[in-house]
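Okay, so here's the structure we're looking at.
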Amino acid sequence: MPSFSARVKEDLCLVPLKTKPCICAELAGLAHACGTLSLGAGGFRLKLLTEHKSVVTRIFSLVKRLYDMDPQLRQSSSPLQKEIYELRIQPADPPAFLEDLAIPFALPFRIDSASPLFAALLAEEGCRAAYLRGAILGGGVISDPNRDYHMEFISGSRASAQAVIAVLAHFSLHAKCLERKSGFSAYLKDAQSISEVLTLTGAHSCMLELENARMVKDIRNTVNRQINFENANIDKVVRSAMAQTRNIQLIAEYQGLESLSPALREAAELRLRYPEAPLSELALLSDGLSRSGINNRLRKIAEIADAIRSAHPEK
């Protein structure tokens, strides 16, 4: 079965292509995440790398809609025997192409999320969502929500990661930057934020999968807390009943239960007869006493036992 990350990307690749600005923003998000520029004998080109066939098809669709051309496609294998797809885009007008994608004309390119070019690219909310969609397609890694909540937007530079963080901030989502051996990433670690990103970008079926996993976890945690609470209460009742039994046995040894008043003796005999019963059950077994009434009598018995212990420190 494909990983959750792969399923998210497949889900995103099914989002309909709408306006040209949103298509530009999505391609820009892809390029900023996994793109490199090169200039050589073959001319100027933007290279995009991916392991996902669905992303390859999506890039072809984006480029076709924007520039009426097809990228060149090369295929190879990684050391881990994964298929790697390299797409090369060679635009007829490189400066205009770079301006469309808010990429400064420099090698290597560095994204400036504070630049007027970047602001123009993401002027509309739909474009900001499309940019995040492209960033996920280009470098998104999302943990299986049944195990953990973790989402990363991996890119080759700190500037690209900061660009994603700036776009997420527009939606009141607060990501942090993480440096890795192979680059940088913006990451989120809470289920609510990840769910919002999936909703914004159009990965609705995966969002529902995450929410279902989240609901199951919440139910399981609630049940576990309830069980732990009940177990703690049972332990408390048992410890209290054992202490009460020891108090009564001590009084019986040193003074005899006949020394107790009829009321206290009734409570003592009930406890000895039902050594593990909670106070509420003892009350039901008594001659009309309430739970607090039983508790008061057992507390007086404890005071008598404490007095015996004071007189006999060895006890």
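The values are calculated or read from the model by the stated rules, or taken from the named source; none is laboratory data. In this text, all values refer to a predicted model and were calculated from it rather than measured experimentally. Here the Cβ is made from the backbone with ideal geometry for all residues, glycine too, and neighbour counts use every protein chain on show.
Here are the numbers for this structure:
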{"read-out": "Ala135 being farther than 22 Å from Tyr85 by Cβ and of a type in the set (A, V, I, L, M)", "value": "no"}
{"read-out": "Verdict on Asp144 being modelled with pLDDT of 90 or more, part of a loop (DSSP other than H, G, I, E, B), farther than 20 Å from Leu14 by Cβ and not β-branched (Val, Ile, Thr)", "value": "yes"}
{"read-out": "Subset of the range 177-191 that is modelled with pLDDT of 85 or more and not small (Gly, Ala, Ser) - its residue that is nearest to Arg110 (Cα to Cα)", "value": "Phe184"}
{"read-out": "Search result, residues across the range 39-80 that are within 22 Å of Lys18 (Cα to Cα) and not aliphatic (A, V, I, L, M)", "value": "Lys53, Ser54, Thr57, Arg58, Phe60, Ser61, Lys64, Arg65, Tyr67, Asp68, Asp70, Pro71"}
{"read-out": "Residues that are of a type in the set (A, V, I, L, M, F, W, C) and surrounded by 15 or more Cβ atoms within 10 Å (Cβ to Cβ), drawn from the range 110-128", "value": "Ile111, Leu117, Phe118, Leu121, Leu122, Cys127"}
{"read-out": "Boolean, Ser240 is among the small types (Gly, Ala, Ser), surrounded by fewer than 12 Cβ atoms within 10 Å (Cβ to Cβ) and over 30 Å from Tyr149 (Cβ atoms)", "value": "no"}
{"read-out": "Top-ranked residue of the range 154-173 - restricted to ones that are touching a residue at least 60 places away in the same chain (Cβ under 8 Å) and not hydrophobic (A, V, I, L, M, F, W, C), ranked as surrounded by the fewest Cβ atoms within 10 Å (Cβ to Cβ)", "value": "Gly156"}
{"read-out": "Residue identified as more than 30 Å from Ser143 (Cβ to Cβ), modelled with pLDDT of 85 or more and not aromatic (Phe, Trp, Tyr) among Leu272, Leu208, Leu289", "value": "Leu272"}
{"read-out": "Boolean, Ala119 is part of a helix (DSSP H, G or I), among the hydrophobic types (A, V, I, L, M, F, W, C) and out of contact with any helix residue (DSSP H, G or I) (no Cβ under 9 Å at 6 or more places or on another chain)", "value": "yes"}
{"read-out": "Verdict on Leu210 being more than 30 Å from Asn146 (Cα to Cα), in contact with a helix residue (DSSP H, G or I) (Cβ under 7 Å, 6 or more places away or on another chain) and either outside any loop (DSSP other than H, G, I, E, B) or hydrophobic (A, V, I, L, M, F, W, C) (or both)", "value": "no"}
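Residues checked against (1) modelled with pLDDT of 95 or more; (2) surrounded by 15 or more Cβ atoms within 10 Å (Cβ to Cβ); (3) over 30 Å from Ser143 (Cα atoms); (4) out of contact with any Phe, Trp or Tyr (no Cβ under 7 Å at 6 or more places or on another chain):
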position	(1), (2), (3), (4)
Leu17	no, yes, no, yes
Leu39	no, no, yes, yes
Leu48	no, yes, no, yes
Ile59	yes, yes, no, yes
Asp68	no, no, yes, yes
Pro71	no, yes, yes, no
Leu87	no, yes, no, yes
Phe97	no, yes, yes, yes
Leu101	no, yes, no, yes
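This table checks each residue for (1) β-branched (Val, Ile, Thr); (2) without any contact (Cβ under 8 Å) to a residue 24 or more places away in the chain.
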{"residue": "Ala175", "(1), (2)": "no, yes"}
{"residue": "Cys206", "(1), (2)": "no, no"}
{"residue": "Asn224", "(1), (2)": "no, yes"}
{"residue": "Val238", "(1), (2)": "yes, no"}
